[in-house]
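Worksheet: one structure, shown below.
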Amino acid sequence: MTKAFRTLDDIGDIHGRRVLVREDLNVPLSDGVVTDDTRLRATVATVAELADKGAIVLVLAHFGRPKGQRNPEMSLSPIVKPYESVLGRPVRFVDWDVATEAVAAMQPGEIAVLENTRFFAGEEKNDRETIDRFAALGDLYVNDAFSAAHRAHASTEGLAYVLPAFAGRAMEAELDALQKALGEPQHPVAAVVGGAKVSTKLDVLKHLVSRVDHLIIGGGMANTFLAARGVSVGKSLCEHELTGTAEEILDAADRAHCTVHLPYDVVTATEFRPNPPTRTVNVHEVAADEMILDVGPAAVEALGDVLKNCRTLVWNGPMGAFETPPFDAATVALARTAAALTKEGSLTSVAGGGDTVAALNQAGVGDAFTFVSTAGGAFLEWMEGRELPGVAALAR
Ligand code: AMP
């Protein structure tokens, strides 16, 4: 299949050529120790392939938010050792003031991490001077950082217009999965949208109603929809000022023949803490002093039946306050159903967003979905149907 963008399959002979590779090395660090190396591992396929082909591999990445200033606390240098162990190969660290000479001294197959791109104010401004400064170090550009592709920065977007540009393997896998989930999906398509608030996901919901056959709304945001339908939600998290917007979304769904699924039973408590006394009740029976903290078991079973009839699922946001037991039950149960259907081959399942990944891991099914995106902002913008500048810049 011809792809909409060039990949490493199209890059040709790169022996001895300098390849600037944008990766996401923005890992959590605590006392100099990388506490979660998922992002480092995601870069291995691309970086190892380029090095094996004899390229001089120059990794570009940002770290934290230094706001265009040199800030030693946000140097990428502490990442180099852990990155070496993840890659199983030596990695040099190259600071900007010596970059030209350091890169000139590198041999084919060697790998270097360049210092934080955000030490330049021009990185986020995507200005020509900064783009040229980066471009002068390389012959080719590979963007492998989907999670940064919603930003039009010099290293995520600008470079693609001045050097021959290719998608790395992680970027390619991500774009392929997203294409299968919402670009040209097999129908029926279900979307699960959960999480705390409607206000942060309005654009997601508005876009999805025109793309999917079933919209499953859970989490705190379902309360606003229930309130819009005249349900008393007691002390639940609820954006009462958005009930009008919720109604508009429900109307738009009707017009687009998208079935919206709201919970009809819920798990409530009067205190928000681990393992408080709970009640499982019909949504019309929530007491004035209660909070809705999870979707109920009858609704979860019905939602499982919806998924059984679907071919594609895209999921963002938990169904309940999953960090606090027992309010993870609905998220865990529905995630396991989706995982089982994926295993049977009847469902293509794509999930993304920070909390969602944590919730799927908690359910023990992080590896059982077709694809799980660790990108937060970029995944949400993609679910909003927006064109991501870093991806658009790679288009053929
Ligand atoms: P988000 O970042 O928008 O995906 O929201 C995720 C957060 O929503 C998680 O921390 C959940 O604990 C929280 N959440 C989900 N359902 C509820 C609920 N019914 N009441 C309060 N918080 C919830």
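Within the listed set T331, T374, T200, the Gaussian network model of the chain (springs between alpha-carbon atoms below 10 Å) gives the highest mean-square fluctuation for T200. Mean-square fluctuations from a GNM of the chain, with a 10 angstrom spring cutoff on Cα atoms, peak among A335, A102, A269 at A102.
Here K125 is the anchor, and the aspartates and glutamates within straight C-alpha reach of less than 14 Å, apart from those fewer than 8 places off in the same chain, are E157.
For the chain, with a Gaussian network of springs between Cα atoms less than 10 Å apart, report the residue from E172, E290, E271 with the top mean-square fluctuation. Largest GNM mean-square fluctuation: E271.
Beta-bridge orientation, the chain: approximately 20 percent antiparallel, per DSSP, counting only bridges with both partners inside. Once you put a point 7 Å from the Cα of A392 and another 7 Å from the Cα of D9, both along the Cβ direction, what distance in nm separates them? Spacing of the two 7 Å Cα→Cβ label points: 2.6 nm.
Within a straight-line Cα-Cα reach of under 16 Å, K206 can be paired with the following aspartates and glutamates, leaving aside sequence neighbours fewer than 8 residues apart in one chain: E247, E248, D251, D254, E381, E384, E387.
Here the scattering of the chain is modelled by Debye summation over its C-alpha atoms, one equal scatterer each and no solvent; at q = 0.11 Å⁻¹ the log10 of I(q)/I(0) is -0.83. Each of T331, S346, S155 was scored by the projection of its Cα onto the charge dipole of the chain, and the greatest displacement toward the positive side belongs to S155; charges sit on the C-beta of Lys, Arg, Asp and Glu. A simple charge model with +1 on the Cβ of Lys and Arg, -1 on the Cβ of Asp and Glu and nothing else charged puts the dipole of the chain at about 400 debye relative to its Cα centre.
Stretching the chain fully between A340 and E247 yields a gain of 30.1 nm (0.36 nm per residue, less the alpha carbon separation). Note on R70 and R41: with the Förster distance fixed at 25 Å, the Cβ-Cβ geometry gives a FRET efficiency of about 0.30. Ignoring lysines fewer than eight residues from K343 along the same chain, the ones with Cα atoms less than 17 angstrom from its Cα are K180, K308. Each Lys and Arg Cβ is given +1 and each Asp and Glu Cβ -1; about its Cα centre, the range 8-171 then shows a dipole of about 180 debye.
Mean separation of Cα pairs under 8 Å and 6 or more residues apart, divided by the residue count, gives the range 185-383 a relative contact order of 21 percent. When only Cα pairs below 8 angstrom with a gap of at least 6 residues are kept, the chain shows a relative contact order of 16 percent. Over the chain, DSSP H runs of length four or greater, each weighted -39,500 (n - 2.57), average out per residue to a 222 nm ellipticity of -9500 deg cm²/dmol.
Take the Cβ atoms of A121 and N361, set R0 to 35 Å, and the FRET efficiency comes out at 0.40.
Throughout, read-outs are computed from the coordinates displayed, never taken from laboratory work. Just so it is clear, the model here is predicted, and its values are computed rather than measured. Please note: Cβ atoms are built from the backbone with ideal geometry, for glycine as well, and neighbour counts cover all protein chains shown.
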